[in-house]
Each structure stands twice: as C-alpha cells, then as structure tokens.
Amino acid sequence: MDRLPHHMDRVKLVGLDFGSTTSSALVASARLGLNCATGRMEFGCPEIVYRPEPVFTPFDGQRIRLDAVAELMDGWLREAAISRDEIFGGGAIVTGLAARQDNARELAALIETTIGDAVVATADDPRLESWLSFMGSCAGLSRARPGQTILNLDIGGGTTNPALGRDGNVLATGCCFIGARHLRFEPGTYRLTGASEFGHALLDGLAIGKRVGGTLRTAEVMKAVDFYIQGLEAIVAGDASFFASDLGRLVEQVPFASESNGPPHAITFSGGVGELVYAAASGQPLPTQTFYGDLGADLAQGILASKILSRDLRSCVPEYRGRATVQGLTLHSTEVSGTTLFLPTPTLLPLRDLPVVASVTGAADRAALDAALRLAGNSGRGACLQLVWDEAMPSLEQIRRFGADLSAAMLCMPSPGMAPLVLLTTANAGKAIGNYATSWQQVHKNLIVIDEIPDRSAQFVNLGRPRHGVVPVSFYGLTSPQGDAP
Amino acid sequence: MIVLKALSAIAVPEPKPDEVYEVSLFGRPYAFSGLKALLGAADLSKAGDRLCGLAARDEVEREAARTILSGLDLQHIYDRPLVDDSGRADSVMRVNYDIDHEVFKTLAPLTLGQVKDQILAKKPADVAKLSRGLTGVMAAALAKLMDVHELVLASKKLKRSAKARTSVGVAGTLSSRLQPNHPTDDLATITLLVYAGLSMGSGDALLGLNPAIDSVDNISAILRHLDHLRRETGAPTQICVLSHVKTQMACLEQGAPVEIMFQSLAGTDRTLTEEFDVTVGLLDEAHQMMATKGPLAPNAPQFMYFETGQGSELSYGKHNGIDMTTTEALCYGLARRYDPFMVNNVTGFIGPETHRTNFEMIVSNLQDHFMGKLMGLPMGMAPCYTLHSEITVEGQQMATELLTAAGANFFMDVYLGIDRMLAYFDTCGHDDQTLREVHGLKPAPEYLEWAISRGIFTRGEDGDVERGPNWGNPRIFCSSDAELKRLLASVPAAYGFENAGPRPANTVSRKVKANMAAAREATYTEIVPERLGSIAFRRIATGAASKTAHLDSPESGAHIADADLKAMSPEASDVQIIVSDGLSAEAVHHNIPDLLPVLMDGLDRQRISAGKPLLAPYGRVKLAESVGDALCPKLVINLIGERPGGDAMASRSLSAYLAYRLPEGETREAAVRFSGNPDIRYEYTVISNIYQNGLPPVEAGSLIAERVNQILKFKAAGNRLERTLSAGTQAAE
C-alpha cells in the first residue's frame, strides 16, 4: 500500500503562554491521521498529558527575567518527560503586558531555541491571541451550535481579546487594554502598589487622583471597573464610540469590527477573569476583593452584574475557560497538511518565519501572479503565497492552466534564484499543481506546494519537518481578513 | 477448566478409497464418486459449490444424493474421514474426531435419516445429549437432509448458553455483539459507536472491534480504550479486539485487558495454517494462556470467541474438494474443543462467489446455526452481505427473523448496518431490538438491570421490559452536546440518531437505503467507454464473458480472453495502463476522465513510454500479470474499481495497482530475498481510495506518475521501494 497515512502514531503538541500575570504550559498527545468523514488530515483524540499549575510570569521591573523563563521551560519539559525532538507542533505566545516589555522578542527567540523548530513563538500578536482564545475555549461549543455566532471575550491581566466565531471558524478579532492587572494592590486592600502605563492613564482619564502608595476609595474602584464594563459592553454592542474618546483610543490596541447584522451573538468568557465569572455563576464564591492583588474579582463581579454581559453565562458555557490561550496554542496553532504534497526536496524543511507576501485565487491571471511573484522575489530568504480556490476541488483544466501560468510567471521573477517559494493551497491538489508548474520537476526546483491548508490572514508562516508524509504549518502575525497594515 | 486432549491421542480411522454411491430414482440412475461428491450434491445449490462443481445439476439429482445419504449409517460416515489433497486426515479433521465414544456407540448403527427423525421427535434434553457423539461431517450431512422448518425447530431445541461476565444464550434472551469498527481505528468514532450501541441495549454479549491495524501497540491501545468505556458507562459486558490470536497473546502478555480471545477458524488445515496463520497447537496455547492469565479466567467458565462462515476455504481454493456446509461444520468441530463463550457465523461476508442470492444466504445461515448448536456451541449469527452479491437487506432481515425463531444467541450491532471498515452490511442495534420486541426477548440478565438503571429500558409492574426514555440516545453517555458533536465529526456514514420505535426514523432509513442503492448500482453498471474522456483505448476481453460470470468467479477476470491473448505480442513500452471496472464501474466513470490525462501527461514529461491504454471490462487485480506477461512492459498500471461500501460517494472509489514486472537477474533476486518468496514475479505498489472526497483523481494521476518514475528508477515496488525511499530520506537528513 502506498504511504497514505490512514493510521498514524500519536504526536506531541506543546503550548506555552507567557501572560501579564501568569505563565502556563500544556502538553497534549494527539493522533495524526485521516478523518474518514471529512477526508482531511487532522489531530484526532487529543489527550492532555501534562498541565502544570500556572506560575507568576517572572518580571524584573520592565523586563522579563529570561534566565527564570529558561529555567521554567526546562522544568516543564523535564516534568512532562518530553524532549524537543518529540514535539510535532504547537505554539508559544507572549501576551498582554508581558508582550510590551522591552525584551519580549528576546523571550520569543529564547522559546524557539529551547522548544525547537516545531513550535511557533511570537510576542505581541494580539489577533493571534484572540484567535487562539476562541479556538481554545469554545471551538467545540461553536461547532456544536451550527449557525450561531459566539463572541468570546478573553480577559486576562493586561488585555481583553474579543473573537467572534461561527461553526468553529473565527470571523473577527480585536484587542484592547482592559485587564485585571493594570492597577495592582496590596492583597485584601485597595492600596495601590503599582500601575501599568494604561493603569496610570486610567487614573488620570477618570480623574482618580491617586498614585502608587495611595488607597482607592470604593467609589473610585467602582469608577474604574465601570469604565471597563462599559468597554466590554461596547465591544458586545459593536459601539465604536466608546473607543473614540481620548481614554478609549488609548485602550484600544486592535479595533474589533464584528458583523452587527443578524441575531445577537452568544457571549462567552475565557482567561483568568472568565474563569472567575463562570465559577461564580455556578455558585462558587468569588475570591475576596484584590485577593490576587488586582481587579480580577471586581471585574468578574461587574460582568455578573451586567445584563448585557451575563445573558448567556448559563446557557452557553465554553469547554475551557481559564487557560483558553494555552489550550488554543497547543491544539489549534498547528495546521496539518494533506498527504500528497509537492515537495521534491524534503530536506528544505523546516522553514521558519517565511513572509506571506500575497494571497491569490485559483482564477488569478498572469498579471496577478506576476505581481505576487515580484513580491516573493523581493524576499531573499524565500516567501509564501496563499492559493485559495473557490471550488472544494479545482478541475483538471483549472490546474493545468494555473500550473502553466505559474511556471511562466516564475520564469519572469526578478531574481529566480533558489530561495524557496512556498505555495499553500486550500485544495487537495498540491502534487498536481506543483508537477504542472515544474513540468514534473524539470524546472523551478525551488517550488514547494503544501495542500489542504486553510486560508488564514497572517504575515508569517512556519513550516515544520515532514513527518509521516505531512507537514505541520503554523501562522503568526495575524491580520484581519480585510487586511491590516503589517 | 476443560482439558485439551493431545492431537496424537485422538483416534481417526484410516482413510479409505472413494467408493461409488449409486441409486435409481424414477428409473433414472445416479452415481456419486466418494463421500465428498455425495455431500456436495445433497446440499441446496449455492454459488460456491456450483463454482467448484460440487452442487447437484438439478433438483432430482440433489434428491438422489439425499436419498443415498439418508440411508448411510453414522458408522459409515465415521469410518471415512474426508482427506486433504495428500490423502491424509488433516488436523482439523482429527480434532473433529474428539468425540464421546459412548454416545457415538448408541448412534453408530442408525442411519442419518433415523438420526434426523430422532432429533425432530425427541425432547430438547435428549437431543442435546447427541452433540458429543457427532463429528462435523455427520452434523453437515444431517443439515443437508433438513428443510427450513426442520432447521428452525431442531435448533430451537438446542439452545446453548455460555457465561463470561454476562450470560449469553439464556432462554428468553437475545443478545448482541457491538462492533464499533472504523477504517483508521479512530477512538472518537469508536467511542460514539459504543455509546450509540449501548443506548440501544446492544453490546451485552461483547464490545468487539475489528481493528484496522494489527499491531500489539494498536490492539493494546484499543483494548484499554474499550475497557475504559466499559468502566465509564458501567455496562456489564466484556471486551475484545478481533486481531490475530498471536497479537492478542502478546497484548495479554504485556498486561492489556484481553478479556475474550478471538480467532477466525477454517474447516481445513491448509486454510487455517496457510491463510489464517494458525495451528491447533497455537489455539491450544492461546486457550491455556487465557485460562491462566486472562482477566476473566478465575470467574468466567468461557473466554474464547471464534468466527466462521461458509465459503472461506473455497474462496482461498483450499477446501480439499469438500463442500461449503461441510467445511463449516468442521470449523465447529474445532471450536467445540475450546468450549467457547461465543461462536459467530458470518456467512455472506465473502461475496457472490460463495453466496449469490438471498435464498442461498438464508439457507446457509440456518444450516450453520443448526450445525453449531447440534455440536454444542453457543451460536450467534451475523447474516450479512456485500453489495456485489444479489443479497439485500430484506433477505438479511428474513434470515434474522428465522434465526431468532430458531433461538440464535446473539446478532451483531453494526451502526445502521454499515460496517465502516470492512465494506459489508450486517445487522444493527435497531434490528436487534426489533427482533426482541417481535419475539418477546430481553438482553442478558446482568446487562438488563444496568440498562434499566440508565433509562434505556423500563420494567413495568407486570415485569414486562420496554424501551425506556433514553433508548437510542447516545447523548446520555456524553458530558455535553459539544462532546457529542466532537465525537460525531469523525464518523463516516452517520445518517442520524432519530428513531421510530425500535427502527431508525424514516428520514434516516431513506438516506441509508439511497446510499446503498447508489453503491450497488456502481457494481452492476457496465463500463460505458463514452464516459471515460477523450483518451483512446484498445479494448480487450477477460475470461469473464459477462458481469455475472465476473462477479461469481473472481478467477475468470484475472486473465485475458484466449482470442485477445493470441493477438497480443510483446511491445517495447515502459508502462502499460489497464482500465477495468473491477467491482465498481462508476469508480471508473467518475475518476478516469480526470486521472488518466494527468497520468499520461506525467509519464510523457518524465519521458516514460506508455502503450495505448487497455480497456478491460470485467477485470480483476491480477489481470495486470496476464497483461504484463503478454505485452512485456516494465510496469503495468491497473486502474480498477474498488468493492463498494455503504456510501454513494465512496462507492466511486478507484485503486491503482502498479505491478512491477521483475526482470531476471539482480532485481528478481533482490525481490526474492526481500519477500522470501522464491517464485515472485511481480511486486505491487497500491494507491487506493481515489475519489473526489478521498484522493482526488487529478492528484492521484500526478501521484501515480511520480510513483512510476520511482519504481523504474529504483527497480523496486511495494515495501521494497518504500524501504529504499526511506533509506534515501534518512541519508539526506
């Protein structure tokens, strides 16, 4: 039998989330194989094999302590009894306030060094964080409610990441600096022990004349919490005016533009605050105010008191709540390719940090292909094009024509060279497209075509080493489907 | 615990030369040479026996044979063990002679006709006493003398129960084996199919899965998963993964929960050893291991599970000239040695070469059930079929009604009757519950109490058991709707869980039946050359002169018809392509127009020469070798329709068999060394599952062209090529 992997080994997936307050890790084992119902490769029957308690993200003033993080990661890998070579995919992300520290990018590099090629590591990637939170918390719930739009608000220490999805697919994402930890207090009191730049702006914008060392009065706490609740309600209502004010503009990092037509979205929560909300909704007592030294419990109380925000708390409950991002990182950040790839030289992989320079459709004409390849030619280390077909499976004539046009366009590239040109296509047609474009590997030996990869609006992509004939693919630097400035 | 008698201690009479049995019926003389021929002619006509020339030519000849057979005494049968091709009684025959000689002594002078009359006339307890005195051949001979009513009546007297964790076969019960198969052993699908089955009151006999991959790791993992499901749901039953007995023994050795040990049996030693890789010695060892190490052994009197079915020996061409019913009875003689918990009969599974019609399948099932019971076995039945036979779901349902009346211990529960891995059709949980309600039966007693506690059944004040509020609702075992949805996402042919009483809702039945109809049509449709695109073919005939001949006789489609063969001579092409309908002409119609042009483009661009493609209606896989021998290309590509399953789209599935004609010399020697087969002439690379929802035809054409290049470049195909490619990849890394 040819090597079509109907049945495969289990693979290990890893997720690491370094957030404003805490850092989490997750290791899952999943079966990589063909879903006989959909005909696509997928991770099946995931099992969480390691889920340590979250730890406080180690900060040293405005910097993340890299040595402490390195120790943390070594400890996680040791406890999970997993080596970096065993890791098939997953992701690591530095989020919220941690992503805004001076050395956040150094941290991402450290993660890549420690965990290996298989895991995409990124910092300050708010749309990706929103996407991951949705997938991690309510992808299953969303698929179980076909046609229902679900708006997930992932509320952590530094940011709120809204993501709207339907049928398990994310439609819109955003990010704002609404979080529990912009103001930090002595636990059990409202004596201010620290504030982020947004915390200071909040105090100023709301005319709360307190600084570090001072104690907020109840009315002042309520004022701050109310502002956040109004912001969350504005996100739900699609009310852009809230973020048009001076303070609103400052708080909004990535605008969230969702569909406002149609029936109201079901609302779910994730993140640390989300976990408190659902615990309280199920009858558990909230922790005492500022128990964690922040506004988490107050925010949760505010959400529970808001008719708009609390309307679906009992009827629409996500599978995972507190650690949605790390769940999403582990199980959803890696896409699995199809099995019939055009990969004449498998040793070209892995490829990291490949810019996604263009997205073309199967009906693209020569001019469009020429333009896309000009952009690709400008990247000396290789580039990626996304190829989207309207049809589930393009016809023979479509593939022949596209292959011929691509071949001709590649001949006209400004610097054809040998830098890899990766085509990611939605259809199960990678080998045919590649063979027609290269005349069955006679020309254009730098072309790689990876198929059955969903269309994703992103700036960069990582391609892992092939295993069992499939390639793990991870996107980062997510943009809105309508296009963000890179 | 039973003590297994050593084979050498079992006395078998010395074989005798065949004698001629003669009779004159209505003035017409009839003669049968040897007991095998007489037994064959005495049976109702079935495709397999016709194929090997054992069936009577007409009804009168059959009655002539039955007349002779009725007059033979049991001593006569005892004295003439049926022999293999070397003239010896093989080990299976020998085990059949492990009988109670005291009982036999009382029967020996009686004719088969007299014994038949006694079975019908005596009380159940007296009939049951006969079982230890009979060999399989005697049981088969009796079955051949009985009509349908007699088979049902006699079987009903012979109800036989067995016990592991639950009791199966107790009077007033009808159990089921839940078979949650999946083409890739996907645990999510297995979970949902187990939940669905349990919610219908199925699985009280067994949760038993046929695995896709027979490795110790995989089987152990599935066993542990089934064990987890059993514990999680609390269902009192037992579990089994139906892998090879050697694999299960290795799993048990490593601590996996092998509660019930399974093996398929055959009625001839050659089939058992050469095809199933099993000997009586190995089965003895497995039984001993279960008795000492099996998780249920301390408390369960029985723990072995066997499957049989008429025709397997014939389909392998290793039936020793014995008819299908008799070889089946010989399996029971072997199964009896191990006092099994379950014996399941899957007659109908193979295809039209053994059972073509509903009548043939129903009769064989009734015979098998009777013979098994007569030999003291706890018989479950799986009247089943494939779509390339003429057997239908209605015929299968008639079989189940008769078998339930006859007291079958259990049926299968394959969800909606469609086996998602084995591409055949069996009974479902709806059938099992319908039969319970029609015949006033209940599940196994231990299981019933649990099912009542879960609301699957209710017990009224009068003690009557009825379907409960949770019957047929797998959601009761899921933690959330989302979990149910997640599990459902990987289940092929999931047409819905809605029910109407104990039956699937009409909307569900319509989807099932429509898909089956389209799938069956794929088999019976003739190839239409105009639907194959623009590439010109040269047409050749195979040895099968018609669709019927093609389906009934697999061998006939494996070679070129004589007239065409004479006109063919070696050509100088690298590759010769054949397009053949195989078991689905629709697969050819739907894939070839896109696949073949890509393949031809690929060969052309890689400078690989190809002869004008051949169109060969009624072809089989091995036709590649006949073409290879005639035209002498380096490689033959046989593009051929696969056996249809229960899904209309999947029934358009094509396979590509790349048959590499091994050249003499170094390459052939390497292949001999690799395979261990000194006679190897062809090596095969297979690319399967070619259809729009699997491997799309355009992509398949491209893949095949690449594989051809690799085969010619490395002078190897199949696993030898894979090893070469794998070594190359590792070296590059």
Legend entry - Residues satisfying the stated conditions in region A:34-58, i.e. β-branched (Val, Ile, Thr) and either in contact with an Asp or Glu (Cβ under 9 Å, 6 or more places away or on another chain) or facing chain B (nearest Cβ under 10 Å) (or both): A:THR38
Inset, instruction - Looking at (1) in contact with a Cys (Cβ under 7 Å, 6 or more places away or on another chain); (2) surrounded by fewer than 22 Cβ atoms within 10 Å (Cβ to Cβ), find the lone condition where B:GLY501 falls short. - result: (1)
Inset, instruction - Sort out which residues of region B:556-594 are under 21 Å from B:LEU631 (Cβ atoms) and either surrounded by fewer than 16 Cβ atoms within 10 Å (Cβ to Cβ) or hydroxyl-bearing (Ser, Thr, Tyr) (or both), and write them in order of number. - result: B:SER556, B:ASP562, B:ALA563, B:LYS566, B:ALA567, B:SER569, B:PRO570, B:GLU571, B:ALA572, B:SER573, B:SER580
Legend entry - Looking only at region B:153-172, and only at residues there that are among the polar types (S, T, N, Q) and crowded, with 24+ Cβ neighbours inside 10 Å, the one that is nearest to the other protein chains (Cβ to nearest Cβ): B:THR166
Legend entry - Given (1) outside any loop (DSSP other than H, G, I, E, B); (2) surrounded by fewer than 16 Cβ atoms within 10 Å (Cβ to Cβ), index of the condition A:THR189 fails: (1)
Inset, instruction - Sort out for me the helices (runs of 4 or more DSSP H) sitting completely within region A:45-162 that have 1 or more residues that are basic (Lys, Arg), at pLDDT below 80 and surrounded by fewer than 20 Cβ atoms within 10 Å (Cβ to Cβ). - result: A:104-115
Legend entry - Unique match (being free of Cβ contacts under 8 Å to residues at least 12 places away in the same chain, at negative phi and aliphatic (A, V, I, L, M)) among B:ALA65, B:ALA56, B:ALA9: B:ALA9
Inset, instruction - Among the helices (runs of 4 or more DSSP H) lying completely within region B:472-576, list those that include at least 2 residues that are more than 23 Å from A:ARG145 (Cβ to Cβ) and away from chain A (no Cβ under 14 Å). - result: B:506-524, B:547-552, B:562-566
Inset, instruction - Report whether or not B:ASP227 is within 14 Å of chain A (Cβ to nearest Cβ) and not hydrophobic (A, V, I, L, M, F, W, C). - result: no
Inset, instruction - Hey, could you check region A:163-181 for residues that are buried (at least 24 other Cβ atoms within 10 Å of the Cβ) and without any contact (Cβ under 8 Å) to a residue 40 or more places away in the chain and say which is farthest from A:GLY140 (Cα to Cα)? - result: A:ALA163
Legend entry - Hits in region B:641-690 (condition: at positive phi and either away from every other protein chain (no Cβ under 11 Å) or among the hydroxyl-bearing types (Ser, Thr, Tyr) (or both)): B:GLY665, B:GLY676
Inset, instruction - Go through (1) surrounded by fewer than 16 Cβ atoms within 10 Å (Cβ to Cβ); (2) touching a helix residue (DSSP H, G or I) at 6+ places or on another chain (Cβ under 7 Å); (3) part of a loop (DSSP other than H, G, I, E, B) one by one and return the number of the condition A:ALA363 breaks. - result: (2)
Legend entry - Residues of region B:270-299 classified as of a type in the set (Ser, Thr, Tyr), within 26 Å of the chain's Cα centre (by Cα) and in a helix (DSSP H, G or I), total: 2
Inset, instruction - Having 2 or more residues that are touching a strand residue (DSSP E or B) at 6+ places or on another chain (Cβ under 9 Å), among the polar types (S, T, N, Q) and within 26 Å of B:ASP552 (Cβ to Cβ) is the bar; report the helices (runs of 4 or more DSSP H) wholly within region B:351-448 that clear it. - result: B:358-374, B:393-405
Inset, instruction - Among the numbered conditions (1) away from every other protein chain (no Cβ under 14 Å); (2) touching a Cys at 6+ places or on another chain (Cβ under 6 Å), tell me where A:ARG31 comes up short. - result: (1)
Legend entry - Which listed residue is more than 29 Å from the chain's Cα centre (by Cα) and under 19 Å from A:VAL473 (Cα atoms), from A:GLY382, A:GLY434: A:GLY434
Inset, instruction - Quickly run through region A:323-348 and pick out the residues that are over 29 Å from A:SER24 (Cα atoms) and either away from chain B (no Cβ under 14 Å) or touching a residue at least 40 places away in the same chain (Cβ under 8 Å) (or both). - result: A:GLY338, A:THR339, A:THR340, A:LEU341, A:PHE342, A:LEU343, A:PRO344, A:THR345, A:PRO346, A:LEU348
Inset, instruction - Would you be able to tell me the number of residues in region B:192-222 that are over 26 Å from B:LYS442 (Cβ atoms), crowded, with 21+ Cβ neighbours inside 10 Å and among the β-branched types (Val, Ile, Thr)? - result: 2
Legend entry - Tally of residues being in contact (Cβ under 8 Å) with a residue 40 or more places away in the chain and more than 35 Å from the chain's Cα centre (by Cα) across region B:656-676: 2
Inset, instruction - Could you pull out the residue among B:ALA549, B:ALA505, B:ALA519 that is within 23 Å of the chain's Cα centre (by Cα) and farther than 24 Å from B:ALA630 by Cβ? - result: B:ALA519
Legend entry - Condition met for B:GLU586 (touching a helix residue (DSSP H, G or I) at 6+ places or on another chain (Cβ under 6 Å), within 30 Å of A:TYR436 (Cα to Cα) and either of a type in the set (A, V, I, L, M, F, W, C) or away from chain A (no Cβ under 14 Å) (or both)): yes
Legend entry - So B:GLU401, is it surrounded by fewer than 24 Cβ atoms within 10 Å (Cβ to Cβ) and under 14 Å from the mean Cα position of the chain (by Cα): no
Legend entry - Checklist (1) within 14 Å of chain A (Cβ to nearest Cβ); (2) touching a Leu at 6+ places or on another chain (Cβ under 6 Å) applied to B:ALA141, failing item: (1)
Inset, instruction - Residue by residue through region B:111-143, note down the ones that are modelled with pLDDT of 95 or more and of a type in the set (Gly, Ala, Ser). - result: B:GLY113, B:ALA121, B:GLY133, B:GLY136, B:ALA139, B:ALA140, B:ALA141, B:ALA143
Legend entry - Residues satisfying the stated conditions in region B:17-68, i.e. among the charged types (D, E, K, R), touching a helix residue (DSSP H, G or I) at 6+ places or on another chain (Cβ under 7 Å) and either in a loop (DSSP other than H, G, I, E, B) or closer than 21 Å to B:ARG356 by Cβ (or both): B:ASP43, B:LYS46, B:ASP49, B:GLU61, B:ARG62
Inset, instruction - Quick one: count up the residues across region B:420-432 that are crowded, with 24+ Cβ neighbours inside 10 Å and either within 14 Å of chain A (Cβ to nearest Cβ) or among the polar types (S, T, N, Q) (or both). - result: 2
Inset, instruction - Looking for whichever is in contact with a helix residue (DSSP H, G or I) (Cβ under 8 Å, 6 or more places away or on another chain) and either within 14 Å of another protein chain (Cβ to nearest Cβ) or not hydroxyl-bearing (Ser, Thr, Tyr) (or both) here; the options are A:TRP131, A:TRP76. Which one fits? - result: A:TRP131
Legend entry - Residue, nearest to the chain's Cα centre (by Cα), within region A:221-242, restricted to residues that are at pLDDT 95 or above and of a type in the set (D, E, K, R): A:GLU233
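The values are calculated or read from the model by the stated rules, or taken from the named source; none is laboratory data. These figures come from a predicted structure and were not determined experimentally. When we count neighbours, we look across all protein chains shown, and the Cβ atoms used for this are built from the backbone with ideal geometry, even at glycine.
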